Amino acid sequence: MALYGGIEAGGTKFVCAIGTGPHDIRAEIRFPTSVPTEAIKHAIDFFQEYQGDEPLAAIGVASFGPVDPDPRSPTFGYVTTTPKPGWAHTDFVGPLRNALGVPVGFDTDVNGAALGEHRWGAAQDVDTFVYLTIGTGLGGGGMVDGKLVHGLMHPEMGHMLVPHNWTDDPYGGYCPYHGDCWEGLAAGPALEGRWQTRAENLPVDHPAWALEAHYLALGIVNIICTLSPQRIILGGGVMDQRHLFPLIQAQVRAKLNGYIQAAPILHTIADYIVPPGLGNRAGVLGAIALAQNAAGAV
C-alpha cells in the first residue's frame with residue numbers, strides 16, 4: 001500500500017505525519033512554526049529520513065492562510081497575505097517538490113480538515129458541508145457536491161462581518177485587517193483579550209460563553225443561509241469547551257426563527273452542528289487525504 005506524507009501547518013505549530021489514514025500512522029512529529037526556511041526544512045528532513053526506508057507517493061499540505069491553491073497560478077503553493085510575521089508571500093510547495101520529488105497537494109488547513117472529515121470522520125455520509133475551526137484564528141472550509149470549495153481563491157469565512165453588540169461588548173476585536181470581523185470577535189485571542197484570561201480558565205457559567213455562542217451562531221446562520229450545508233462541524237481549541245455546543249445549537253435555532261423548515265435544524269440539531277469525528281487530528285489527516293488526491297489515489 002502506498003504511503004503518504006501530510007503537513008498540518010498551523011500558526012503556532014507544524015504537525016507532520018506519514019501513513020495512509022487514521023488507523024495507519026507510521027511516524028509523526030510536531031514542532032513550532034518558526035521562520036519559513038527553518039520550518040519547511042524541518043519537515044523536509046523528517047520526510048527524507050523516512051523515505052530511506054519506504055518511498056512516499058505524495059505529500060499533502062494543509063496550511064494556515066491566505067494561500068494560493070490554484071495549480072494554474074504562478075504562485076500556486078504560496079502562503080500569501082498572512083499577518084504571521086515572516087510568512088507573507090512564501091513559496092511552500094516549491095521547496096517540498098524540489099527536495100522530495102513527489103506530487104504535492106496544497107490547500108488551506110480548514111479545507112484540508114474538511115477533506116479529512118469527509119473521508120474518515122463526521123462528514124462521511126454527506127457531500128455538502130462546512131468545517132469550522134475556532135482557535136487561534138477562525139476559519140472555514142467545506143465541500144459542495146463532494147468537491148472542496150474554491151473560486152477566486154478559497155473561503156475566508158472567518159472574516160465575515162457580523163453584528164457587533166457594542167452595548168454588551170465594548171471589546172473592539174483583534175483582527176489586524178478588520179477589527180471586529182467574525183474572527184476578531186470570536187476566535188481564541190478575542191476571548192483572551194476581552195476577558196483578560198485564556199478561554200480554558202473561564203468557568204462554564206461565565207458570561208463569556210453566552211456571548212461566544214451568540215457570535216458563533218451569527219456566523220453559522222449566515223453560512224446556513226448562503227451554502228445550505230447538510231452538516232456543520234466545529235473544531236479548534238475553543239470548541240474543546242464542549243458545553244458550548246448546546247449553547248450554539250440553541251442560538252442558531254433561535255436566530256433562524258423558524259425560517260428554514262429543515263428537520264436537522266428543527267428536530268435533530270445536535271446531529272447537525274457537531275464536533276469533528278477525527279478530533280484534533282482532522283488537520284494532519286486532511287493533509288494525508290490531500291496527498292492521496294495529489295497522487296490520483298482517490
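Some notes on this structure:
- Criterion applied to Ala213, Ala187 was being under 21 Å from Asp271 (Cα atoms), surrounded by 14 or more Cβ atoms within 10 Å (Cβ to Cβ) and either free of Cβ contacts under 8 Å to residues at least 40 places away in the same chain or not charged (D, E, K, R) (or both), and the one residue passing it is Ala213.
- Scoring Gly286 on the criteria (1) in the same structural domain as Leu138 (by TED's automatic domain parsing); (2) buried (at least 18 other Cβ atoms within 10 Å of the Cβ); (3) under 22 Å from Gly137 (Cα atoms) leaves a single failure, condition (1).
- Any chance Glu28 is in contact (Cβ under 8 Å) with a residue 40 or more places away in the chain, closer than 25 Å to Leu132 by Cβ and more than 18 Å from the chain's Cα centre (by Cα): yes
- Flag for Val104 being in contact with a Lys or Arg (Cβ under 6 Å, 6 or more places away or on another chain) and in the same structural domain as Leu290 (by TED's automatic domain parsing): yes
- Any hit, the stretch 65-81, residues being within 28 Å of Ala213 (Cα to Cα) and crowded, with 18+ Cβ neighbours inside 10 Å: yes
- Of all residues in the stretch 23-63, exactly one satisfies the criterion of being in a helix (DSSP H, G or I), farther than 18 Å from Gly105 by Cα and β-branched (Val, Ile, Thr), namely Thr37.
- When the strands (runs of 3 or more DSSP E) confined to the stretch 64-169 are screened for residues that are without any contact (Cβ under 8 Å) to a residue 60 or more places away in the chain, those reaching at least 1 such residues are found at 104-108, 138-144.
- Residue within the stretch 126-148 that is within 15 Å of the chain's Cα centre (by Cα), polar (S, T, N, Q) and surrounded by fewer than 23 Cβ atoms within 10 Å (Cβ to Cβ) present: yes
The values are calculated or read from the model by the stated rules, or taken from the named source; none is laboratory data. Quick caveat: nothing in here was measured; it's all calculated off a predicted structure. For neighbour counting, all protein chains shown are included, and Cβ atoms are generated from backbone atoms with ideal geometry for every residue, glycine included.
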